[in-house]
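The values are calculated or read from the model by the stated rules, or taken from the named source; none is laboratory data. Because the structure is predicted, anything quoted here is derived from the model rather than measured. Cβ: placed from backbone, ideal geometry, glycine included. Neighbour counts: every protein chain shown.
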Amino acid sequence: MNGATNLACRHVRAAFRLEHAGVAVALSINNAGEIAGAYFDAGGSLIGFLFAEGRFVDFRVPDAGLTIPWSINERGEIAGIYAGGDGVYHGFVAETCGR
């Protein structure tokens, strides 16, 4: 197979649906099964989310036009980008409360 991944042995680890989302995408998952991603709400805003312990938590960087979480590590820290009110993109790191 020349190093190609055999997709036939893959399985769905988590399936979810955001009722209030037009389009949602999972961008990163850690070994605890915590999923970081983003979705478009009804108004067209791009909002970050964390799926952990069977529930969704929305998060936005304050005053951001959009928030995109790219990755979640084993400590639950989420790294990503956001567009500030000035329209400039910035990076962020968010910690999960209670860890």
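Applying a threshold of 6 Å to beta carbon distances and a minimum spacing of six or more residues, or different chains, the list of pairs starting in region 29-57 at a residue that is over 10 Å from GLY76 (Cα atoms) and ending at one that is in a strand (DSSP E or B) and polar (S, T, N, Q) reads GLY48/THR67. Looking only at region 74-90, residues that are at pLDDT 90 or above and loosely packed, with under 15 Cβ neighbours inside 10 Å come to 5 in all. Within region 14-45, no residue satisfies the criterion of being part of a loop (DSSP other than H, G, I, E, B), at pLDDT 85 or above and more than 15 Å from SER71 (Cα to Cα).
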